[in-house]
Amino acid sequence: MNAATAELKAVVEKGYAHPEALVTTEWLAQRLDDPSIRIVESDEDLLLYDVEHIPNAQKVDWHADLNDPVQRDYVSRERFQELLRAKGIDESTTVVFYGDKNNWWAAYAFWVFELFGFQNKRLLDGGRAKWQAEGRPMTADVPRFARTEYAAPERDDARIRAFMDDVRQHLARKGKLIDVRSPEEFRGEKTHMAEYPQEGVLRGGHIPTARNVPWARAANPDGTFRRADELRALYEEQQGLARADDVIAYCRIGERSAHTWFVLKYLLGYEKVRNYDGSWTEWGNAVRAPIEKGDAT
């Protein structure tokens, strides 16, 4: 076993369909100064990076950097291209994402990069919490890298993104839906996450036929992803999904469901899984959109 394989052993042994989509803290710790790697931190708590971060990590603000400032959509090809050029990223650099809250927003940033066809990317298994728990180095220094000439392709939403009309058609075809919000949100008892503000949703409940698998159930207490057999039990044995299914995941604005999208696509190998980023803030406000309350039937 060579050194690189040994450093990734903890990931490979979990039995994932695409173990190459993850790296371990040990793997990254040995490559902090590797010029072919760009480390990207994306957090829910936008102040964390400024306090301290993994050496040579750069911040990607999920709101300011990835979302269009006017309409509810993601940035244009030109703005995405400039973001990557400014951070010294092109197709030759491996981007390693990490963040707080079990890589919640890091998975969201990973998903947006995939919308633009950027393939050379990984998630740090365990994210910020595991790195810090192991006592690994942190810094407040902000790195600077030489600009690149990265040429971004046009964004391709069709493969991994679902819109409201897509969800309606999916329902008509009896496609599989996974609601990754809390059970209280799913049942319609709350219209927002516990301890989070209400964000203007007029109705509570869930999309008919959806199954409820809260996103964080895919993670271990240390923030790493659960083994593939545990994930299959969670999604397949308990909820009836199959690898050949066409699946749409949703939450509130698409951030938690991006984490589940990553689990289904990269860890379990589902070929057709999309993230409905309009999610409940769109569906719960849409006139005559069908809604169910209570537990799944």
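Under the Kirkwood approximation applied to all pairs of distinct alpha-carbon atoms, what is the hydrodynamic radius of the range 195-297 in Å? Display every interim value, and only then the final one.
Working: mean 1/r = 0.0687 Å⁻¹.
It works out to 14.6 Å.
Expressed as an acute angle from 0 to 90° and rounded to the nearest 10, what is the orientation of the C-alpha long axis of helix 77-86 relative to the principal long axis of the chain?
The two axes meet at around 30 degrees.
What is the gain in length, in nm to one decimal, between Asp157 and Gln169 on full extension, counting 0.36 nm per residue of separation less the C-alpha to C-alpha distance?
On the way: separation 12, 0.36 × 12 = 4.32 nm, distance 1.63 nm.
Contour length minus the Cα-Cα distance gives 2.7 nm.
For Asp50 and Glu237 in the same chain, what is the full-extension length gain: residue separation times 0.36 nm, less their Cα-Cα distance, in nm? Please list the in-between numbers first.
Values: separation 187, 0.36 × 187 = 67.32 nm, distance 4.23 nm.
The Asp50-Glu237 span can extend by a further 63.1 nm.
Would you mind checking the range 253-297 for residues with the amide N under 19 Å from a putative spin-label position 7 Å along Cα→C-beta of Gln119?
Counting only backbone N, you get 262, 265-273.
Calculate what fraction, in whole %, of the accessible area of the range 53-178 sits on carbon and sulfur atoms when a 1.4 Å probe is rolled over the protein chains.
Details: 2720 of 5450 Å².
Of all accessible area on the range 53-178, carbon and sulfur atoms account for 50 percent.
Give me the net charge of Asp73's neighbourhood, meaning all other residues with Cβ under 10 Å from the Cβ of Asp73; Lys, Arg count +1, Asp, Glu -1. Don't skip to the end; give the middle numbers.
On the way: positive: Arg72, Arg155; negative: Asp68, Asp157, Asp277.
Local net charge: -1.
Quick one: plug the Kirkwood hydrodynamic radius of the range 1-159 (C-alpha pairs) into Stokes-Einstein at 25 °C, 0.890 mPa s, and report D in µm²/s.
Numbers: Rh = 16.1 Å.
Estimated diffusion coefficient is 152 µm²/s.
Sequence gap of 8 or more, or different chains, plus Cα separation below 12 Å: how many lysine pairs satisfy both in the chain?
On the way: Lys59/Lys87; Lys101/Lys130; Lys176/Lys272; Lys190/Lys293.
Lysine pairs meeting the criterion: 4.
Shape call for the range 207-264 from the C-alpha gyration tensor, a ≥ b ≥ c root eigenvalues: rounded (a/c under 1.5), prolate (a/b greater than b/c) or oblate? Provide the component values of the computation, followed by the final result.
Working: a/c = 1.83, a/b = 1.14, b/c = 1.60.
It is oblate, given that a/c is not under 1.5 and a/b is not larger than b/c.
In Å², what does the accessible area per residue of the chain work out to with a 1.4 Å probe? Write down the numbers at each step before the final one.
Numbers: 12970 Å² over 297 residues.
Using a 1.4 Å probe on heavy atoms only, each residue of the chain averages 44 Å².
Could you tell me how many degrees, from 0 to 90 and to the nearest 10, lie between the Cα long axis of helix 104-115 and the main elongation axis, the longest principal axis, of the Cα atoms of the chain?
Its long axis makes an angle of about 90 degrees.
With no solvent and one point on each alpha carbon, what is the Debye value of log10 I(q)/I(0) for the range 57-119 at q = 0.19, 0.25 Å⁻¹?
So the normalised log intensities work out to -0.72, -1.26.
What is the percent carbon and sulfur in the accessible area of the range 223-285, measuring with a 1.4 Å probe over the protein chains and ignoring ligands? Show your work: numbers first, answer last.
Working: 690 of 1780 Å².
Looking at the range 223-285 in its full context, I get 39 percent from C and S.
I need the fraction of alpha carbon pairs in the range 113-222 separated by more than 21 Å, rounded to a whole percent. Mind dumping the intermediate values first?
Details: 3871 of 5995 pairs.
For the range 113-222, the share of Cα pairs beyond 21 Å comes to 65 percent.
Just the projected area, averaged over all directions, of the convex hull on the alpha carbon atoms of the chain: how many nm²? Walk me through the intermediate numbers first.
Numbers: hull surface 61.4 nm².
Value for the chain: 15.4 nm².
Among 17-26, 229-238, how do they line up from the highest to the lowest mean number of other beta-carbon atoms within 10 Å? Mind dumping the intermediate values first?
Working: 17-26: 18.1, 229-238: 15.6.
The densest-packed peptide leads the list: 17-26, 229-238.
Rounded to the nearest 0.05, what FRET efficiency is calculated for Lys293 and Ser92 with R0 set to 51 Å and r the Cβ-Cβ distance? Let's see the in-between values first.
Working: r = 51 Å, r/R0 = 0.99.
Approximately 0.50, to the nearest 0.05.
Quick one: grab the alpha carbon gyration tensor of the range 128-177, order the square roots of its eigenvalues as a ≥ b ≥ c, and give me rounded if a/c is under 1.5, else prolate or oblate depending on whether a/b is larger than b/c. Kindly include the intermediate steps, with their values, before the conclusion.
Values: a/c = 5.58, a/b = 1.75, b/c = 3.18.
In terms of gyration-tensor shape, oblate.
Of His259, Gly200, Leu171, which is farthest along the charge dipole of the range 147-296 in the positive direction, counting Lys and Arg as +1 and Asp and Glu as -1 at C-beta?
Value: Leu171.
The values are calculated or read from the model by the stated rules, or taken from the named source; none is laboratory data. The shown structure was predicted, so the numbers you read here are calculated from the model rather than taken from an experiment. Cβ coordinates were reconstructed from backbone atoms using ideal geometry, including for glycine residues, and neighbour counts include every protein chain displayed. Only protein heavy atoms, including side chains, enter the accessible area calculation; ligands, DNA and RNA are left aside. Shrake-Rupley method; radii C 1.70, N 1.55, O 1.52, S 1.80 Å.
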